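**Q** Below are the C-alpha cells for one structure; questions will follow.
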Amino acid sequence: MKRVIVGLSGGVDSSVAAYLLKQQGYEVIGLFMKNWHDDSVTISKECPWLEDSNDAMLVAEKLGIPFQVVDLSEQYKERIVDYMFREYKMGRTPNPDVLCNREIKFDVFMDIALDLKADYVATGHYCRKSEQEIGAERVYSLLAGKDDNKDQSYFLCQLSQQQLAKALFPIGELKKSEVREIAAQQGLVTADKKDSQGLCFIGKVRLPEFLQQQLKPKEGLIVQIPNDSTIYDTETPEFSNQEEALKFNSQKFHYSPEDGKAVGKHQGAHYFTKGQRKGLAVGGTVEPLFVIDTDVERNVIYAGEGKHHRGLYRNVLFVKADEIHWIREDLALEIGEEMEVMARIRYRQALKKASLYRAADGMYVSFNEPQSAITEGQFVAWYQDDELLGSGVIS
C-alpha cells in the first residue's frame, strides 16, 4: 500500500480528495497546515484557522484516517508574507497563492510528508497530472482540471518535475458539483461549506491593514491621464529584427504628474495595483477611474477614465531570464527560438493566443490581442492544448 499525505484544509475539495484516495486503496494520512495568522488583519469570521482545522479533524475521523496539525507559520511568514511586503514595497503586485504552492505545500509540506515515509502528497486542486517516457526519462505533465470553471492549474505554474513526480490531484477529473455530491453522500461536514477566499490557508485579509504593518501610509496625488494624451502617440520606429520590435512593444508608458491633472489624494501608492478600480474614491467622471500605473518612488498613482483607457492595454510583456520557469524542461526554448502557445496573466482569465520568443536576457510573450492591466510581479503561464508548460514573473 502506497502512503499518501493529504493536505486537509478543512474545505470540501481536500476532504473528497482524501476520501477518493482511501477508496483507491492508498494508506491516507491527513495533515492540516497552520500558516501565519494575524487576527488584527484577518477578517476572521471569513476563515478562522481554528474552525478549518476542526473541520479537517472531523473529516479525518469520519474517514478513519490519522490526522495532525503541522505549524508552518514561521516558514510561511519568511517565504510568503515577507515576500509580499518586499514586492509591494517595490511597486509590484505579488501572487501569494502561486508562491504558497511552490514554497509551502510542495516544498516545506512535502518534506514533512517524505519524512513520514509518504510516497505522494495530495491536494484538492482542480488539475490533473499525466506522465510519459521520453527517451530514458520519465516526464510529468500538469494538465488543466476537467471543470473549466474551477481549473486551478495556474496556481501550480511554478512546480518542478521533482515536485510533480510526488504529487496527486484526485479531484482533477471531477466537476465542483460532483465533488460536493460525493461529500454529501459520505456525510462529510464540509459538503456545503463555502469555498475559502483570500490568502492561501490564511483566509481573507484586509490588504491595506496588512500592508500597513510594514509599509506606512503616506499621502500622495492621484493624477488622471486623458485618453487622448500625446504619450500614446509614440511613433513606431523601423526595426532591424523581431527582437527589437518586441522590446519596443513591451515597454510600459512612463508618466509624470505634468502629463495629467491631480484629481484626488491617496494614502500610499504601494497599496494600489494596475487595473484597480476600488479605493480611489474620486467622483465626478462619466466612467469610473482605473489605476493605469503606480510610481512608488514619487508616491503617485496614475488613473484613466473607463476600462478601455489606452493606458491599460499592451500586447507584449517580458520575463527576465532568471524568472522563466519550465515545468516541461524538455520543451524549454533556446535563444532565438519561438513557440505558439495559449497564455493567461491572471487566474480567472480565459486563455489567449500568444507566442513566446526567447531572447538572451529573457523571454517575450506576445499576445495576438492587447491585454488589460499587465501587472509586474504577477505570473504569466503558457499552455499548449490543456497542458501548462511553464510560467514566469512579469517584469
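The values are calculated or read from the model by the stated rules, or taken from the named source; none is laboratory data. Predicted model only: the values in this text are computed from it and were never measured. Neighbour counts are summed over all protein chains in view; Cβ atoms, including those assigned to glycine, are modelled from backbone coordinates with ideal geometry.
**Q** Output the residues belonging to the stretch 148-181 that are assigned to a loop (DSSP other than H, G, I, E, B) and among the polar types (S, T, N, Q). I'd like the intermediate steps shown before the answer.
**A** We begin by selecting, within the stretch 148-181, every residue assigned to a loop (DSSP other than H, G, I, E, B); these are 148-152, 157-160, 166, 169-175.
N149, Q152, Q158, S160 - these are the residues of the stretch 148-181 that are assigned to a loop (DSSP other than H, G, I, E, B) and among the polar types (S, T, N, Q).
**Q** Within the group E297, E287, E334, E340, which residue is surrounded by fewer than 16 Cβ atoms within 10 Å (Cβ to Cβ) and assigned to a strand (DSSP E or B)?
**A** Details: E297 fails: assigned to a strand (DSSP E or B); E287 fails: assigned to a strand (DSSP E or B); E334 fails: assigned to a strand (DSSP E or B).
Result of the check over E297, E287, E334, E340: E340.
**Q** Could you grab the pairs with beta carbons closer than 7 Å, sequence gap of 6+ or different chains, first residue in the stretch 2-26 and touching a residue at least 24 places away in the same chain (Cβ under 8 Å) and among the charged types (D, E, K, R), second one part of a helix (DSSP H, G or I) and buried (at least 24 other Cβ atoms within 10 Å of the Cβ)?
**A** Listed pairs, sorted by first residue: D13/V179.
**Q** May I ask you to say which residue of E376, E329 is surrounded by fewer than 17 Cβ atoms within 10 Å (Cβ to Cβ) and not assigned by TED's automatic domain parsing to the domain that holds Q158?
**A** Numbers: E376 fails: surrounded by fewer than 17 Cβ atoms within 10 Å (Cβ to Cβ).
Of E376, E329, the one residue that is surrounded by fewer than 17 Cβ atoms within 10 Å (Cβ to Cβ) and not assigned by TED's automatic domain parsing to the domain that holds Q158 is E329.
**Q** Being among the hydrophobic types (A, V, I, L, M, F, W, C), more than 16 Å from H309 (Cα to Cα) and in contact with a Phe, Trp or Tyr (Cβ under 6 Å, 6 or more places away or on another chain) is the requirement here; does A245 meet it?
**A** On the way: among the hydrophobic types (A, V, I, L, M, F, W, C): yes; more than 16 Å from H309 (Cα to Cα): yes; in contact with a Phe, Trp or Tyr (Cβ under 6 Å, 6 or more places away or on another chain): yes.
Yes, satisfied.
**Q** In the stretch 258-269, what residues are surrounded by 20 or more Cβ atoms within 10 Å (Cβ to Cβ) and in a helix (DSSP H, G or I)?
**A** The answer is A269, and nothing else.
**Q** Out of A303, A281, A350, A343, report the one residue that is of a type in the set (A, V, I, L, M, F, W, C) and free of Cβ contacts under 8 Å to residues at least 12 places away in the same chain. Walk me through it before giving the result.
**A** Details: A303 fails: free of Cβ contacts under 8 Å to residues at least 12 places away in the same chain; A281 fails: free of Cβ contacts under 8 Å to residues at least 12 places away in the same chain; A343 fails: free of Cβ contacts under 8 Å to residues at least 12 places away in the same chain.
The unique qualifying residue is A350.
**Q** Are any residues in the stretch 108-140 assigned to a strand (DSSP E or B), buried (at least 18 other Cβ atoms within 10 Å of the Cβ) and either among the hydroxyl-bearing types (S, T, Y) or at pLDDT below 95 (or both), and if so, which ones?
**A** If the condition is that a residue be assigned to a strand (DSSP E or B), buried (at least 18 other Cβ atoms within 10 Å of the Cβ) and either among the hydroxyl-bearing types (S, T, Y) or at pLDDT below 95 (or both), then Y120, Y140 are the ones that fit.
**Q** When both residues are 6+ apart or on different chains and their Cβ atoms are under 7 Å apart, which pairs have a first residue that lies in the stretch 63-75 and is of a type outside the set (A, V, I, L, M, F, W, C), and a second that is assigned to a loop (DSSP other than H, G, I, E, B)?
**A** Taking only residues 6 or more apart or on different chains, the pairs are S73/N35; S73/W36; S73/H37.
**Q** Read through the list (1) on the phi < 0 side of the Ramachandran plot; (2) surrounded by 14 or more Cβ atoms within 10 Å (Cβ to Cβ), then give the number of the only condition that H254 fails.
**A** Only one criterion is unmet by H254, namely (2).
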